[in-house]
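The values are calculated or read from the model by the stated rules, or taken from the named source; none is laboratory data. Note that this is a predicted model, so its numbers are computed, not measured. Note that each Cβ is placed from the backbone with ideal geometry, even for glycine, and that neighbours are counted across all protein chains shown. Please note that ligands, DNA and RNA were not included when accessible areas were found on the heavy atoms of the full protein model with its side chains. Shrake-Rupley method; radii C 1.70, N 1.55, O 1.52, S 1.80 Å.
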Amino acid sequence: MAEGDNNSAYQLAAETASLEEQLQGWGEVILMTDKILRWERAWFPLALMSVVSFSFLMIYYLDPSVLSGVSCFVMFLCLADYLVPALAPRIFGSNKWTTEQQQRFHEICSNLVKSRRRIVGWWKRLFTIKEEKPKMYFMTMLCSLAVVAWIGQQVHNLFLTYLIVSFLLLFPGLNQHGIITKYVGMAKREINKLLKHKEKKNE
């Protein structure tokens, strides 16, 4: 068991080091993005939502086709991949990194590797359920997809995408400041109260 844990830790460290090397040119941008997503300043959430809202308003106004939208998005990614590693050191000064910044960059890369492993684990688990319990798998998938299809039919595609993107971008800050924990705890307490009340009625 200990040997397996050591191997897993070694693989995690190796994958993290590899990812750090790949993202080295994006280091300054990643650190700045991390600060914004974790709301290190009070006005960061407002600025973040303003940029997201403006971007979606422009998409709504221009109303591009799917092909045009995908092409522009990929073109933007290509430009960023080419320009960011070249311009970031001049703007931020990568040679001025502190030990704290290097440590934070390492933590971010480690968290990304862990998230990737978690997603792969969920994906494998899904196929395991498909092989072991095919009826439950298909029923669950059909019901889930039917609910998603119904939601997509009721809510405008662009607005639904806006809500999803906004939540994903706000999630790190909400989690960092304990807001999600607070409301999840409140929801659990209310559910427990309802269950206790129901048990009393049954008695």
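Pairs are defined by a Cβ separation below 6 Å, a sequence spacing of at least 6 or placement on different chains, a first member in the stretch 176-200 that is under 30 Å from residue 45 (Cα atoms) and β-branched (Val, Ile, Thr), and a second member that is in a helix (DSSP H, G or I) and open to solvent by less than 100 Å² (accessible area, probe 1.4 Å); the pairs so defined are 180/174. Taking every residue in the stretch 113-133 that is at negative phi and pairing it with any residue that is among the hydroxyl-bearing types (Ser, Thr, Tyr) and surrounded by 10 or more Cβ atoms within 10 Å (Cβ to Cβ), at least 6 positions away or on another chain, the pairs with Cβ-Cβ distances below 8 Å are 113/16; 126/137; 129/137; 130/137. Scanning the stretch 121-142 for residues that are of a type in the set (Val, Ile, Thr) and open to solvent by less than 70 Å² (accessible area, probe 1.4 Å), which turns out nearest to residue 12 (Cα to Cα)? It comes out as 128. Assess whether residue 183 counts as being within 21 Å of residue 49 (Cβ to Cβ) and not basic (Lys, Arg). The answer is yes for residue 183.
Any chance the stretch 95-104 includes a residue that's in contact (Cβ under 8 Å) with a residue 24 or more places away in the chain and over 23 Å from the mean Cα position of the chain (by Cα)? Yes; the residues of the stretch 95-104 include at least one that is in contact (Cβ under 8 Å) with a residue 24 or more places away in the chain and over 23 Å from the mean Cα position of the chain (by Cα). Note on the stretch 52-101: residues that are farther than 20 Å from residue 157 by Cβ and surrounded by 11 or more Cβ atoms within 10 Å (Cβ to Cβ) amount to 12. Selection over the stretch 157-203 of residues that are within 22 Å of residue 32 (Cβ to Cβ) and open to solvent by 90 Å² or more (accessible area, probe 1.4 Å) gives a count of 4.
Table: residues versus (1) open to solvent by 60 Å² or more (accessible area, probe 1.4 Å); (2) basic (Lys, Arg); (3) closer than 17 Å to residue 98 by Cα; (4) modelled with pLDDT of 85 or more.
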| residue | (1), (2), (3), (4) |
| --- | --- |
| 19 | no, no, no, yes |
| 29 | no, no, yes, yes |
| 35 | yes, yes, yes, yes |
| 38 | no, yes, no, yes |
